[in-house]
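First the structure, in the form of C-alpha cells, and then the observations on it.
Only the coordinates and a few stated rules stand behind these numbers; no lab work does. No experiment lies behind these values; they were computed from the predicted model shown. Cβ sites come from the backbone with ideal geometry, for glycine too, and all protein chains shown count toward neighbours.
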Amino acid sequence: MTHEIAVVPGDGIGQEVTPAAVDVLDALDIDFEFTEAEAGDAVAEETGEPLPEDTYDLAASADATLFGAAGETAADVILPLREAVDSFVNVRPATAYPGVDAVRPETDLVFLRENTEGVYAGHEDRLTDDVATLTRVTTETASRRLAEFACEYVQDGDHDGFTIAHKANVMRETDGLFRETVAEVADENGVATDEVLMDAFATRVCLDPTQFDVVVCPNLAGDVLSDLAAGLVGGLGLLPSANVGPDRALFEPVHGTAPDIAGDGVANPAAAILSAAMLLEYLEYDDEAASVRTAVETTLEDGPRTGDLGGDAETADVTNAIIERL
Ligand code: NAI
Ligand code: MG
C-alpha cells in the first residue's frame, strides 16, 4: 500500500529538519510517496500568498503531512493547514530524555489539546479605542470528539486515565461545558479521570511532573501548558506534535524557524524526526515508529549532538547517526 505524504518544509530551519525527517522515513521499508509543497514567508514574498491553494489542497488530500515551520506568516499557514486536515486534537508529548539537560528529567507527559475553538476561534472585536472583546466558543461536539480521542488514546497506550485541566470555577459556562462533557465521555468509556484547575496545574507540574500523565485541555490552556512542559524537558529542539483529524493528520515540530541558526545546517532534527515517528504510529507502523524513537533516544544519549544540546555536530551528522541506528 502506498501512502501519500505531503511535505511542507516552510521557512528557516524547516528547510533543514523536514528533509532530515523525510530521509529517516525513506530509510524504512515502507512505500511512501512524498510530494513537496511551499508555504511561509518565502512564498508569500514571491506570490503574496503564505499558503498557496495547491499546498492547502495537497494537505487536504494526502494521507499525512509533514510540516516544518513558517516565520512571520506562521499563523496564516498553520491554522489553515490544521483546518485542511480537519484537525480536532493537537497531540503534544513532552518527554525528557536521558543525556539531555532538563529542568525536570522525570517529565513524561502528553497533552491532548482541543484544536478548533476556545479563545482561538477568532471572534475578536475592537469596539472603541478603549475596549476590545473576544467571544469564546465551546461546543459539546468538539469537547466530545476530543474526549473520545482521549479515551482511545489512554486505552491503546499504557495509561491509567487522564487529567482534565480547565478553569471551570471561573469560566463556568465554557469550561464548565468542556469539563462536564469530557468527564461524561470518559465515564461512558470506563476511563478514569481527575481534574485540576489549569493555574494550579502550572505550579504542580513544575514541582512534580510525575503527578500527571495524559492531560486533556481546552485550546489556549493546552498551548500554554504544553509550552511550559517543553521548558521542563530542556529544549524546543526535542518536541514533536501531531494535529489529528478524522481521516488525515499533520505532524510538525513544536519549534519555529530559528532565524538565529537557520541556513547553517546545525539545527537539531530530533523534533522533526520524532514528529515523523508520530506519523508512523498514526499510519499504524508501530514497530517502525518504535525503532525511530529508540534510534533518536540512543543518539540523544550517546551523540552526536547539535549545538542546542551542547554538541558541535551538524544536522546531517545527527540524521545519519539516527538512520544508522534504525
Ligand atoms: P523558535 O522555535 O524558532 O526558536 C527559539 C530558540 O530555540 C532559538 O534560539 C532557536 O535557535 C532554538 N531552536 C528552535 N528549534 C531548534 C532546533 N531544532 N535546533 C536547535 N535550536 C532550535 O521560536 P522563535 O524564535 O520564537 O520564533 C522564530 C520564528 O518562528 C518566528 O517568525 C515565529 O513566528 C516562527 N514560529 C513558527 C512556528 C510554526 O511554524 N509552527 C512555531 C513557533 C514560531
Ligand atoms: Mg504555542
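Over the chain, with a Gaussian network built from C-alpha contacts below 10 Å, which listed residue (Ala59, Ala96, Ala75) shows the highest mean-square fluctuation?
Ala75
Hey, what did segment 103-233 get for relative contact order, percent, Cα under 8 Å, at least 6 apart? Walk me through the numbers before you get to the answer.
Numbers: 214 pairs, mean separation 51.8, N = 131.
Relative contact order of segment 103-233: 40 percent.
For segment 143-152, in order, what is each residue's ³J(HN,Hα) by Karplus, 6.51 cos²θ - 1.76 cosθ + 1.60 with θ = phi - 60°, in whole Hz (x at glycine and Pro)?
Result, rounded to whole Hz: 5, 5, 4, 4, 5, 5, 4, 4, 5, 4.
List the residues whose amide H sits under 5 Å from the amide H of Thr107, counting only those 5 or more places along or on another chain, with H placed 1.01 Å from N in the peptide plane.
Excluding prolines and chain starts, which carry no amide H, the hits are Ala96.
In whole Å, what three semi-axes, largest first, describe the equivalent ellipsoid of segment 146-301 built from its Cα gyration tensor (square root of 5 times each eigenvalue)?
Numbers: eigenvalues 169, 78, 42 Å².
After diagonalising the Cα gyration tensor, the semi-axes are 29, 20, 15 Å.
When the distances between all Cα atoms of segment 103-233 are binned every 5 Å from zero, what whole-number percent does each bin get?
Histogramming segment 103-233 at 5 Å steps yields 2, 11, 21, 22, 19, 13, 7, 3, 2, 1, 0 percent.
Collect residues whose amide H, placed 1.01 Å from N in the peptide plane, falls under 5 Å from the amide H of Gly71; neighbours closer than 5 in sequence don't count.
Asp11, Asp41
Where nothing but the Cβ of Lys and Arg (+1) and of Asp and Glu (-1) is charged, how large is the charge dipole of segment 103-233 around its Cα centre, in debye to the nearest 20?
Numbers: 10 positive and 27 negative charges, 57 e Å.
So the dipole magnitude of segment 103-233 works out to roughly 280 debye.
Show the residues, 5+ positions off or on another chain, whose built amide H is closer than 5 Å to the amide H of Thr163.
Residues meeting the criterion, in which the H sits 1.01 Å from N, are Asp194, Asp213, Val214, Val215, Val216.
To the nearest Å, what is the center-to-center distance of segment 75-115 and segment 140-180, using C-alpha atoms only?
Computed from Cα coordinates, the inter-centre distance equals 16 Å.
Please list 3J(HN,Hα) in residue order for segment 160-166, calculated via the Karplus relation 6.51 cos²θ - 1.76 cosθ + 1.60 where θ = phi - 60°; whole Hz, with x for glycine and proline.
7, x, 9, 9, 9, 9, 7
Express in % the proportion of alpha carbon pairs of the chain at distances exceeding 31 Å.
Numbers: 16156 of 52975 pairs.
Tail of P(r) above 31 Å: 30 percent of Cα pairs.
When only C-alpha pairs under 8 Å and at least 6 residues apart count, what is the relative contact order of the chain, in percent? If you can, show how the numbers build up before the last one.
On the way: 710 pairs, mean separation 73.7, N = 326.
RCO, the chain: 23 percent.
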